[in-house]
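The values are calculated or read from the model by the stated rules, or taken from the named source; none is laboratory data. Note that the coordinates shown come from a computational prediction; the quantities given were computed from them, not determined experimentally. Note: ideal-geometry Cβ built from the backbone for every residue, glycine included; neighbour counts use all protein chains shown. Each accessible area value is taken on the protein alone, full model and side chains, heavy atoms only, with ligands, DNA and RNA left out. Shrake-Rupley method; radii C 1.70, N 1.55, O 1.52, S 1.80 Å.
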Amino acid sequence: ERMTKAVLELFIEQGHTNIAYIGGYQIDINELGEKSTTENEKRLRAYLHFMRDNHLEKQINYYLGEWTEESGERLTKKLLNKQKQDLPTAILIGSDPLALGVYKALQKENIIIGKDIVLVSFDNIEAIAHLSPGLTSVAINAKAIGQSAVRLAVERIEHLRDDPIILTYPTKLVVRESFIPNK
């Protein structure tokens, strides 16, 4: 949520107010292994709060689906069809796999990434290394998060701890051609 707000602040500083969000649904699994999906995903929540706090309610524009490349492409096509006359100048994307699909859809429509529209995503995964132009992405230490998740699960299973814990990990904006903020 902190980095979502920081990226949105960078967008605003660069003059972007027509900002869209493309992300995935929050997936919850209960004790019985049953899945449920909601719109209560942290990056979307941060986007909505930021847009409202900055009096940009009329510019709120988000699309949610699965966390896949195919979903990113489908959601972007939906955005482009709905907003042909008023395309966003910036898109915040919830994950790099989604961004791969966003790239495909924008490039098929000859929309120049980094010029006509700026993009920032999350994860900084290896698969984005070959995108052209390069994708600006928030690097997240997935290995450390996974290790902590396993350790915390073991603690709960072995009844070593009953209280929930919230952990925060450092992140870093890796700037590439899809969005280069002016200093």
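For the reader, a short list of remarks on this structure follows.
- 1.4 Å probe accessible area per residue over the chain, in Å²: 59 Å²
- Ligands, DNA and RNA left out, the accessible area of region 52-96 computed with a 1.4 Å probe is 45% carbon and sulfur.
- Normalising the Debye intensity of region 66-106 to I(0), with uniform scatterers on Cα atoms only, and taking log10 at q = 0.17, 0.24 Å⁻¹ returns -0.38, -0.72.
- The mean sequence separation of alpha-carbon pairs under 8 Å and at least six residues apart, normalised by the residue count of region 60-101, gives a relative contact order of 57 percent.
- Largest accessible area first, the listed residues T68, T37, T76 line up as T37, T68, T76 when surface is computed with a 1.4 Å probe on the assembled protein chains.
- With all protein chains in place and ligands, DNA and RNA left out, the 1.4 Å accessible area ranks E155, E109 as E109, E155, largest first.
- Inter-label distance for L48 and A6, nm, one decimal - labels placed 7 Å from Cα along Cα-to-Cβ: 2.4 nm
- Alpha carbon convex hull of the chain, projected area averaged over orientations, nm²: 11.6 nm²
- Mean residue ellipticity at 222 nm, helices only, the chain: -11500 deg cm²/dmol; runs of at least 4 DSSP H residues each add -39,500 (n - 2.57), and the sum is divided by the number of residues.
- Under the convention that each Lys and Arg Cβ holds +1 and each Asp and Glu Cβ holds -1, the size of the dipole of region 60-157 around its Cα centre is about 160 debye.
- Test item: Cα-centred dipole of the chain, Lys/Arg +1 and Asp/Glu -1 on Cβ, debye: 540 debye
- Label-to-label distance, nm, for residues given as V175 and L32 (7 Å Cα→Cβ offset): 5.1 nm
- Between R161 and L56, the C-beta separation translates, for a Förster distance of 45 Å, into a calculated FRET efficiency of about 0.65.
- Solvent exposure, largest accessible area first (probe 1.4 Å, DNA, RNA and ligands not counted), of H159, H16: H159, H16
- Segment H130-Q85, length gained on full extension (0.36 nm per residue, minus Cα span): 13.1 nm
- Stretch gain in nm, segment E13-K108, where the contour uses 0.36 nm per residue and the Cα spacing is subtracted: 31.3 nm
- Dimensions in Å of region 84-183 - Rg and Dmax from alpha carbons: 17.9, 57
- One equal scatterer on each Cα of region 1-43, no solvent, Debye formula: the resulting log10 I(q)/I(0) at q = 0.17, 0.22, 0.25 Å⁻¹ is -0.60, -0.79, -0.89.
- Lys-Lys pairs in the chain that are eight or more residues apart or on separate chains and whose Cα atoms lie under 18 Å of each other come to 18.
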